[in-house]
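Notes for the one structure printed next.
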Amino acid sequence: MVAKTKPRAAPSKGKVAPKKAAAPRSTPASTRFAGEILDLLERAHPEARCALEYRNPFELAVATILSAQCTDERVNRVTPVLFARFPTAQSLAEAAPAEVEEIIRSTGFFRAKTKSVMGFARGLVEEHGGELPRTIPAMIRLPGIGRKTANVVLGHAFGINEGIAVDTHVLRVTNRVGLANGDDPLRVEAELMAKVPRERWTRTTDLIIFHGRKVCDARRPACGGCPLFHLCRWESRQAWAAGGRPRKKAAKARTPGRAKAPRSRASIRRV
């Protein structure tokens, strides 16, 4: 006797499976443009480097987690005390949360960051014997570690170019100059990876972040002295170069009930 099979339910009308976004593609022109931008930045900022101070991959990972919504300078004042007290993943994993909170308090969101760094340390000990893995999939499975942090650690501590770390400076500068389009870090990273040779991925982050801090400031960009001015595609560059602030466009009316949500502690749990 043959068992009767249950007929498949017909697909419901009106529901269409979302299309997967196509991977960004580069053209010879976009690749050449990216190369010119990076060459100019290399000549203008040869001293650009990762601003976080560290002695090993573990310290860099913790420092990068602490740098969320905090300046690197502030983190560099906190980490020497933190690592003097907890020099290894094992010691940090076994720390008293209150003690860690007190040490990192000045970095902001210190309770959430304490959970992140201690969770990261525990995961590192339990899953990898205290040694950092060397692939992005393995890194981002650890508590508190997102793709940006994984890229920073792999690129700077191990010299492995797995991706391009995208922070607020990279988002701002790449959109202004025309290297990328959008505010989604993953999408911008994919665009940059398609245009920049793999051997330049880690250096790309350092150069763009340095330029964003020193020249292409969020509020007062120094367009008049920018080495990228003649290539930049930002529509406001002329006004800033002339010493004036560009006229603001009329603000669009917001849709009722769609108020912008404030930043929360959740935004720093995985960076």
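The values are calculated or read from the model by the stated rules, or taken from the named source; none is laboratory data. Keep in mind that what you see is a predicted model, and the values were worked out from it rather than measured. Positions of Cβ are backbone-derived with ideal geometry, glycine not excepted, and every protein chain shown enters the neighbour counts.
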Exercise. Kindly indicate whether any position in segment 201-224 is more than 25 Å from residue 67 (Cβ to Cβ), out of contact with any Lys or Arg (no Cβ under 8 Å at 6 or more places or on another chain) and part of a helix (DSSP H, G or I).
Key: yes
Self-check item: Residue that is farthest from residue 179 (Cα to Cα) [pool: residues in segment 22-73 that are among the polar types (S, T, N, Q), in a loop (DSSP other than H, G, I, E, B) and touching a residue at least 12 places away in the same chain (Cβ under 8 Å)]
Solution: 56
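For segment 120-127, check the following and say yes or no: at least one residue is outside any helix (DSSP H, G or I) and either surrounded by fewer than 16 Cβ atoms within 10 Å (Cβ to Cβ) or out of contact with any strand residue (DSSP E or B) (no Cβ under 8 Å at 6 or more places or on another chain) (or both).
No.
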Quiz item: Inside segment 193-252, can you point out the residues that are among the β-branched types (Val, Ile, Thr) and either surrounded by fewer than 21 Cβ atoms within 10 Å (Cβ to Cβ) or touching a Cys at 6+ places or on another chain (Cβ under 8 Å) (or both)?
Solution: 215
Self-check item: Residues within segment 228-265 that are modelled with pLDDT under 75 and of a type in the set (Asp, Glu), tallied
Solution: 0
Exercise. Just one of (1) surrounded by fewer than 19 Cβ atoms within 10 Å (Cβ to Cβ); (2) among the hydrophobic types (A, V, I, L, M, F, W, C); (3) not in a helix (DSSP H, G or I) trips up residue 84, so point out which.
Key: (3)
Quiz prompt | Candidates 177, 166, 173, filtered to the one that is farther than 19 Å from residue 63 by Cα, crowded, with 21+ Cβ neighbours inside 10 Å and under 14 Å from the mean Cα position of the chain (by Cα) | solution = 173
Practice problem: Return a yes/no flag: does segment 49-62 have any residue that is surrounded by fewer than 18 Cβ atoms within 10 Å (Cβ to Cβ), among the hydrophobic types (A, V, I, L, M, F, W, C) and closer than 27 Å to residue 159 by Cβ. | Solution: yes
Quiz item: Is it the case that segment 111-125 has a residue that's outside the structural domain of residue 213 (by TED's automatic domain parsing) and either at positive phi or without any contact (Cβ under 8 Å) to a residue 12 or more places away in the chain (or both)?
Solution: no
Quiz item: Under 7 Å by Cβ, and 6 or more places apart or on different chains, what pairs join a residue from segment 81-106 that is more than 20 Å from residue 143 (Cβ to Cβ) with one that is surrounded by 13 or more Cβ atoms within 10 Å (Cβ to Cβ) and modelled with pLDDT of 95 or more?
Solution: 81/103; 85/103; 106/74; 106/78
Exercise. Please specify each residue of segment 180-189 satisfying the condition of being closer than 19 Å to residue 37 by Cα, crowded, with 16+ Cβ neighbours inside 10 Å and either touching a Gly at 6+ places or on another chain (Cβ under 8 Å) or not small (Gly, Ala, Ser) (or both).
Key: 188, 189
